[in-house]
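Below: one structure, written as structure tokens.
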Amino acid sequence: MNFAIVGAGLSGSVLAHELAQAGHSITLLESRNHPGGNVYSQRDEASGIMLHVYGPHIFHTDSQEVWSYVNRLAEFIPFINRIKTTVRGRVYSLPINLHTINQFYHKAFSPQEARQFIASISHSAMETPGSFEEQALQWIGKDLYENFFKGYTLKQWGIHPRELPAAILKRLPLRFNYDDNYYFNTFQGIPKEGYTPIIEKLLDHPQIQLSLNTPFQYKQKDSFDHVFYTGPLDGWFDYAYGRLGYRTLDFVREDHIGDYQGCALMNYGDVEVPYTRITEHKHFTPWEKHENTVIHKEYSRFCQPEDIPYYPIRLVREKALLHTYVEKAREQTRVSFLGRLATYRYLDMDVTIGEALAASRQTLAALHSNQAIPVFFVDPL
């Protein structure tokens, strides 16, 4: 088959590789001047530091299949994501753990004492929380919520936490021990030479033709047997029914001598500080030594048409609009939608890869049985 894949991020690159391995011809169209999407990494010419160009990416997964897959493509070095946060002039560990609780309240609680204390200050009698704020108050009480989450969330999402769904907070851990590993996952690491070589290896196949700086034009659809689209779902329809809402990020670079903050990620919970966090890239590669350092201050704002979309908002208006686009997409022929933008979901890297692998298997099975390739491989609603 002669396939077009729109977008050379993780979804498009994994799918292209798997379908090319099965003998199909792939034309991969990428609007940016590089492959890899937001996982693109690049070694800085001035400092020699490996930069996560579109924000920090730490690979973490419980999937043995996905972990084995990426380790065939690159050497991964174990990396534990230990986030710090600055609140009212003091530095604490995230996620909230026993050290955070004891430091914040000037206590020396045991794990059981901390559990009892948090239970005593939380709004545990509250009915099922309907918002981020209600979830936080039920979970950790007023003081921890207001210091560690309220200001950060206002900056990250641009709206009050009482207007956000409770599910956003449910992804965050709370620990009653001194474990400051941000993730629970079995496998955690960072590729030794960054993420770009992984993408390059996936696309190094004679059946794959990559075209950079090449936005997809709808009129090209009929030139291929089938199109796999990983761009914004509303973009496929030229935003005919309106734009789905996203938050975007601005990264402001600074160069310094030595060690700027002593860790890879420092959050800023005070709403008076305009940025949400600072990334210091050289701490993602502790096996390397660099005299100088590069930081990025990260600012969140509403995504405009010319911006890179990062976080889907998925509130009431967006969900209604998403439903419209999904129904229109299901009426399409010879096109499939996959990936975070085409399904309007926040996806970690491992989930993105896992879904792309599953999509390749479903595609090959459909071809083998002479069935139509699915429009969606997962339900975006």
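The values are calculated or read from the model by the stated rules, or taken from the named source; none is laboratory data. Predicted, not measured: the structure shown is a model, and the values here were computed from it. For neighbour counting, all protein chains shown are included, and Cβ atoms are generated from backbone atoms with ideal geometry for every residue, glycine included.
For this structure, a couple of remarks:
- Of the residues in region 350-369, not one is at pLDDT below 95 and either in contact with a strand residue (DSSP E or B) (Cβ under 6 Å, 6 or more places away or on another chain) or not aliphatic (A, V, I, L, M) (or both).
- Complete set of residues in region 352-365 that are within 24 Å of residue 325 (Cα to Cα) and either without any contact (Cβ under 8 Å) to a residue 24 or more places away in the chain or surrounded by fewer than 17 Cβ atoms within 10 Å (Cβ to Cβ) (or both): 358, 362
- Residues in region 60-113 that are in contact (Cβ under 8 Å) with a residue 60 or more places away in the chain and among the small types (Gly, Ala, Ser) were compared, and the one that is nearest to residue 182 (Cα to Cα) is 93.
- Being over 13 Å from residue 245 (Cα atoms) and of a type in the set (A, V, I, L, M, F, W, C) holds for only one residue in 294, 316, and it is 294.
- Evaluation of residue 244 against the conditions (1) crowded, with 17+ Cβ neighbours inside 10 Å; (2) within 27 Å of residue 90 (Cα to Cα) shows that the sole unmet condition is (2).
- Residues that are farther than 25 Å from residue 286 by Cα and either among the hydroxyl-bearing types (Ser, Thr, Tyr) or part of a loop (DSSP other than H, G, I, E, B) (or both) occur at least once in region 78-92.
- Residues considered: 279, 230, 293, 324. Of these, the only one that is buried (at least 19 other Cβ atoms within 10 Å of the Cβ) and over 23 Å from the mean Cα position of the chain (by Cα) is 293.
- Within this structure, residue 179 passes the test of being more than 24 Å from residue 248 (Cβ to Cβ), part of a loop (DSSP other than H, G, I, E, B) and over 21 Å from the mean Cα position of the chain (by Cα).
- Residues of region 125-152 classified as closer than 18 Å to residue 173 by Cβ and loosely packed, with under 15 Cβ neighbours inside 10 Å, total: 0
One line per residue, one yes/no per condition, for (1) more than 26 Å from residue 288 (Cβ to Cβ); (2) aliphatic (A, V, I, L, M); (3) in contact with a Gly (Cβ under 7 Å, 6 or more places away or on another chain); (4) touching a residue at least 24 places away in the same chain (Cβ under 8 Å):
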residue	(1), (2), (3), (4)
163	yes, no, no, yes
175	yes, no, no, yes
183	no, no, no, yes
190	no, yes, no, yes
202	no, yes, no, yes
205	yes, no, no, yes
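- Test for residue 47: is it surrounded by fewer than 18 Cβ atoms within 10 Å (Cβ to Cβ), assigned to a loop (DSSP other than H, G, I, E, B) and touching a strand residue (DSSP E or B) at 6+ places or on another chain (Cβ under 6 Å): yes
- Under the condition of being touching a helix residue (DSSP H, G or I) at 6+ places or on another chain (Cβ under 9 Å), of a type in the set (Asp, Glu) and within 21 Å of residue 190 (Cβ to Cβ), the residues counted in region 269-293 number 1.
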